[in-house]
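Q: Mind looking over this structure? Questions follow.
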Amino acid sequence: MKTNFVLFSIEGGTYGIDINNITSIEKVSETTPTPQMPDYMLGIVSIRDQVMPIIDCKKLTFNQSSNIDENSRYIIIDTDKTTIALMVESTNEIINFDTSLIKPISLLESNSKTNFIQGVALLENRIISVININELISSIDMTEIG
């Protein structure tokens, strides 16, 4: 089955999120810091009258803070469990490909920092790491961020 994926880069790698999991993509705006939160949580933001936590995707995956500039974006993800703003340094494109091209990588299964990588797809000589949103949400300690 073909699906659209929003692509973004972290540390030279390309990542994709199924567009069906995304409510919107927004420019980074003013955040409200929150005390005693995990270091990957930048604070909270109000977008269209909805307050949500901001998760720094680079900090969550590589333990390095993202560089925030005019290209930075919030990928708004809404699930049954919660709504979050996933902060990325930039979104690259939307690409359509068959989900049968996503192949699991057994090496990633044992690493808790990458357990949300569903698998990888090789497209146009690029490796795209596809993110499983439910696993990403599960990897975030939602009890710590409310």
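The values are calculated or read from the model by the stated rules, or taken from the named source; none is laboratory data. In this text, all values refer to a predicted model and were calculated from it rather than measured experimentally. Methodologically, a virtual Cβ is constructed for each residue, glycine included, from the backbone with ideal geometry; neighbour enumeration extends over all protein chains shown.
Q: Which pairs do you get when a residue that is under 13 Å from residue 60 (Cβ atoms) and at pLDDT 80 or above, found in segment 108-133, comes within reach of a residue that is of a type in the set (Gly, Ala, Ser) and in a strand (DSSP E or B), reach meaning Cβ atoms under 7 angstrom, with the pair 6+ apart or on two chains?
A: Sorted first by the residue in segment 108-133, then by its partner, the pairs are 117/129; 131/16.
Q: Please state which of the following conditions residue 71 fails to meet, knowing it meets all the rest: (1) in contact with a helix residue (DSSP H, G or I) (Cβ under 9 Å, 6 or more places away or on another chain); (2) modelled with pLDDT of 90 or more.
A: In the conditions (1) in contact with a helix residue (DSSP H, G or I) (Cβ under 9 Å, 6 or more places away or on another chain); (2) modelled with pLDDT of 90 or more, residue 71 misses (1) alone.
Q: Does segment 43-53 contain at least one residue that is of a type outside the set (A, V, I, L, M) and under 15 Å from the mean Cα position of the chain (by Cα)?
A: yes
Q: When you scan segment 5-48 for strands (runs of 3 or more DSSP E) that lie fully inside it, which ones turn up with 3 or more residues that are closer than 30 Å to residue 98 by Cβ and without any contact (Cβ under 8 Å) to a residue 40 or more places away in the chain?
A: So the answer is none; nothing clears 3.
Q: So if I check each of 32, 79, 23, 83, which one is under 19 Å from residue 117 (Cα atoms) and of a type outside the set (Lys, Arg)? Walk me through how you get there before you give the answer.
A: On the way: 32 fails: under 19 Å from residue 117 (Cα atoms); 23 fails: under 19 Å from residue 117 (Cα atoms); 83 fails: under 19 Å from residue 117 (Cα atoms).
Being under 19 Å from residue 117 (Cα atoms) and of a type outside the set (Lys, Arg) holds for just one of 32, 79, 23, 83, which is 79.
Q: Tell me which of these residue 102 doesn't satisfy, since it passes every other one: (1) within 15 Å of the chain's Cα centre (by Cα); (2) on the phi < 0 side of the Ramachandran plot.
A: If we test residue 102 against (1) within 15 Å of the chain's Cα centre (by Cα); (2) on the phi < 0 side of the Ramachandran plot, just (1) comes out false.
Q: Residue by residue through segment 11-66, note down the ones that are out of contact with any strand residue (DSSP E or B) (no Cβ under 7 Å at 6 or more places or on another chain), over 17 Å from residue 134 (Cα atoms) and surrounded by 14 or more Cβ atoms within 10 Å (Cβ to Cβ).
A: Result: 37, 38, 59.
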